[in-house]
There are 2 protein chains.
Amino acid sequence: MASSREKAESFRALHHGPGVLVLPNAWDVATARVFEEAGFPAVATSSAALLVSQGYPDGEGIPRREMVASVRRIASSLAIPLSADVVAGFGRTPRGATATVRKILEAGAVGINLEDHDPSGPALVPVRSQVRKLEAIRRLGTEIGIPLVINARTDALRHGAGSDADRFEEAIRRSIAYRDAGADCVYPMGLVDAPSISTFVRAVECPVNVMVRRGLPPVPELERLGVKRVSFGPAGAYAALGLLKKASEEIRVRGTYGPLVDGAISFEELNRLGVPRSAGGPPAAG
Amino acid sequence: MASSREKAESFRALHHGPGVLVLPNAWDVATARVFEEAGFPAVATSSAALLVSQGYPDGEGIPRREMVASVRRIASSLAIPLSADVVAGFGRTPRGATATVRKILEAGAVGINLEDHDPSGPALVPVRSQVRKLEAIRRLGTEIGIPLVINARTDALRHGAGSDADRFEEAIRRSIAYRDAGADCVYPMGLVDAPSISTFVRAVECPVNVMVRRGLPPVPELERLGVKRVSFGPAGAYAALGLLKKASEEIRVRGTYGPLVDGAISFEELNRLGVPRSAGGPPAAG
C-alpha cells in the first residue's frame, strides 16, 4: 500500500494534469469501494451525506470522534487517495482546526475540504480567521511530513453580503487569499454557469473545484473552461435516496419491484466491497 | 413516542392483517428515514448491507458492539417499529444469542431476524440448537416485557443436504420446528416461485416472509398465495450501488451527470432525514 506521503503527492498531481479530476464523494465503505472499482483515481467524502447517514443534519453536530471514525473506516478500505470533508474544522481557532486535521490524516485521509461558512449560523467566517486556519493546516502537513491537498471552499456566493456581483467578487477575493495561504484548490460553492466559471478560473489562477448539479456544463466543457476538479458533493446520496423513494412508491402503489432489481449489483458484488484488503495486496479488480 | 412494548405489538399485528406487510430493509439512518417518509409501517435492517457499508463482509465479522450501535442510531431516528437482523445471534449458545438480542432490544429494535446458517461455514446449525436459541429468545422477551417479533430464517433451501426436494422438505421441517419454538414468522431464504411459495405457506401454517428478487411474484399475487411479509433484504443496497456504478460509468465515459441528477432528492430533503426527532414529537411529515 502506498504511504500517506505518496498518496498525497499523487492526489496533488491529479490537479495539475491536462484534464479535469472527476472526484466522487462517498459516505461509507460500500459507496467508496464502488467508486474505486469504477476506476476513479481518488475518492472524497461528502460531509452532508456522511452525517445524515449517521443521524445528524449537515454541519458540525456530529461528535468529531464519530466523523473521524467514519473517515478511518473508509480510508482503510481504499488503495487510492481519500480526501475528507472536515466542514469548518470542528474548531473556531487555527489550533482547533489543526487538531481535527491531524486526526483526519492519522485516520488515513490525504486531503481535506475546509469551508468558510460558520457552522453556528448563516454568516461567513472572517477571511483573516480562515486564512490563519489554512496557514496552520499547511504548516501541520509540513511538520508531520504529509503534503496534504487542501481544497478551500468559500460559501461567499450564497452567504456573502450585497448584490450577486458583490458576492461574486467576494468569492474571488477569498479564493485568492486562501490560495495564498496555502490552499491547493479553491471551491466556490454554487458556481454553475459557464461564463461565471470562466471568469472565476481566470481570476484566481489556481485549480478550481466545481460541484455536480443540474445545469453544470459537461466535463469536456469544464476542461475547456479551465476547471481542474469536479466533485459529486452529496449528489450520489441525493440520487441513491431518490431511487429508494421511487422504489418505495412502486412497491407500495403497484406491488412491483422494477427500481429495486433493474440495474442492481449482485450479492457477490456487494459482499466483495466489504472484504478488507490484505496489507500490501493489490487493489480489487475493477 | 410509542413504548417498545406498544411498537412490538403493533409490529406483530402487521403480520396478521388481511394483506402483505411490505418491509423495507435499511442500513443507515438516511435509508431508514426515507422508507419511513415513504409511508411504510415498519422498517428492518439488512445485515449484509449494514455490514458492507461499514467495511465488513456479510456474516458475523463485525464486532457486535458496532452492529448494536448501528441499530441504536437507526431505531432512535424512527417513530415506527424497527426489526434488526442479528445474523445467527453472535453466539453459538442460547445464552450468547439472548445476550445479543437483549442488547438489540435495549437499542430500540422490537423484532429480529435469526438465521440457521452457521456463520463459520456453509453448514446449517443443527435444528435442535436453533430451536433452543429461539425458545430462549422468546423467554427473554417475556422476562423483560417486550413481546418482540421473531422472524426465523432458514437457509435449508441453499445449504441443506440432498436433492432440491430434500432441501424443500428440510426447510418446511425446520420452519415448523421454529414456529413451535416461538417464532412469529418463518423465512425460507431462496423461496421465489409461486407454486413453491403456495406449498410452503400451506405446510407451515404461520406467517411466511419472502424476499424481493427478480422473478418474485408481485405483491398482489403474494397476497393470493398467502404470504404475510415481503422484505427487501439487501435489494435496496444492490439498487443504490448499481445506480452509483451506472453514474460513474456515465460521467467517466461521457462526462455527463444524468443518473446523478435525474430523480434525485434535494439537499433540503436529505438534510431533513438527519434532523433528530424531539422526544414526544410527531413523526416527520411524509
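Being touching a Gly at 6+ places or on another chain (Cβ under 7 Å), closer than 21 Å to A:G145 by Cα and either modelled with pLDDT under 95 or not charged (D, E, K, R) (or both) narrows it down to one of A:A42, A:A79, A:A109, A:A99, so name that one. Lay out the reasoning, then the answer.
Details: A:A42 fails: touching a Gly at 6+ places or on another chain (Cβ under 7 Å); A:A79 fails: touching a Gly at 6+ places or on another chain (Cβ under 7 Å); A:A109 fails: touching a Gly at 6+ places or on another chain (Cβ under 7 Å).
Matching residue, one of A:A42, A:A79, A:A109, A:A99: A:A99.
Residue-by-condition table, conditions (1) free of Cβ contacts under 8 Å to residues at least 12 places away in the same chain; (2) crowded, with 16+ Cβ neighbours inside 10 Å; (3) more than 12 Å from chain B (Cβ to nearest Cβ):
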{"residue": "A:P207", "(1), (2), (3)": "no, yes, yes"}
{"residue": "A:V210", "(1), (2), (3)": "no, yes, no"}
{"residue": "A:R213", "(1), (2), (3)": "no, yes, no"}
{"residue": "A:E223", "(1), (2), (3)": "no, yes, no"}
{"residue": "A:K245", "(1), (2), (3)": "yes, yes, no"}
{"residue": "A:S248", "(1), (2), (3)": "yes, yes, no"}
Go through (1) within 15 Å of A:A109 (Cα to Cα); (2) away from chain B (no Cβ under 11 Å); (3) open to solvent by 30 Å² or more (accessible area, probe 1.4 Å) for A:K7 and report which single condition fails.
(3)
Being in a helix (DSSP H, G or I), surrounded by fewer than 24 Cβ atoms within 10 Å (Cβ to Cβ) and more than 9 Å from chain A (Cβ to nearest Cβ), is that true of even one residue in region B:56-64?
yes
Just a yes or no: is a residue in region A:80-99 in contact (Cβ under 8 Å) with a residue 60 or more places away in the chain, within 14 Å of another protein chain (Cβ to nearest Cβ), touching an Asp or Glu at 6+ places or on another chain (Cβ under 8 Å) and not in a helix (DSSP H, G or I)?
yes
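Within region B:99-115, is even one residue in contact with a Leu (Cβ under 8 Å, 6 or more places away or on another chain), basic (K, R) and open to solvent by 10 Å² or more (accessible area, probe 1.4 Å)? Talk me through it step by step, then tell me what you get.
From region B:99-115, those in contact with a Leu (Cβ under 8 Å, 6 or more places away or on another chain) are B:101-102, B:105, B:108-112, B:114; that's our starting set.
Applying the additional criterion that residues be basic (K, R) yields B:102.
Subset that is open to solvent by 10 Å² or more (accessible area, probe 1.4 Å): B:102.
Within region B:99-115 (the criterion being in contact with a Leu (Cβ under 8 Å, 6 or more places away or on another chain), basic (K, R) and open to solvent by 10 Å² or more (accessible area, probe 1.4 Å)), the answer is yes, since at least one residue qualifies.
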Does any residue of region A:226-235 turn out to be facing chain B (nearest Cβ under 7 Å) and either out of contact with any strand residue (DSSP E or B) (no Cβ under 9 Å at 6 or more places or on another chain) or of a type in the set (V, I, T) (or both)?
no
Among the residues in region A:16-29, are any at the interface with chain B (Cβ under 10 Å from one of its Cβ atoms), more than 16 Å from A:S83 (Cα to Cα), in a helix (DSSP H, G or I) and open to solvent by less than 40 Å² (accessible area, probe 1.4 Å)?
no
Name the pairs: first residue in region B:1-16 and farther than 17 Å from B:G145 by Cα, second residue in a helix (DSSP H, G or I) and open to solvent by 50 Å² or more (accessible area, probe 1.4 Å), Cβ to Cβ under 6 Å, at least 6 apart or on different chains?
none
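The values are calculated or read from the model by the stated rules, or taken from the named source; none is laboratory data. These numbers come from a predicted model, not from an experiment. Backbone-built Cβ (ideal geometry, glycine too); neighbour counts: all protein chains shown. Each accessible area value is taken on the protein alone, full model and side chains, heavy atoms only, with ligands, DNA and RNA left out. Shrake-Rupley method; radii C 1.70, N 1.55, O 1.52, S 1.80 Å.
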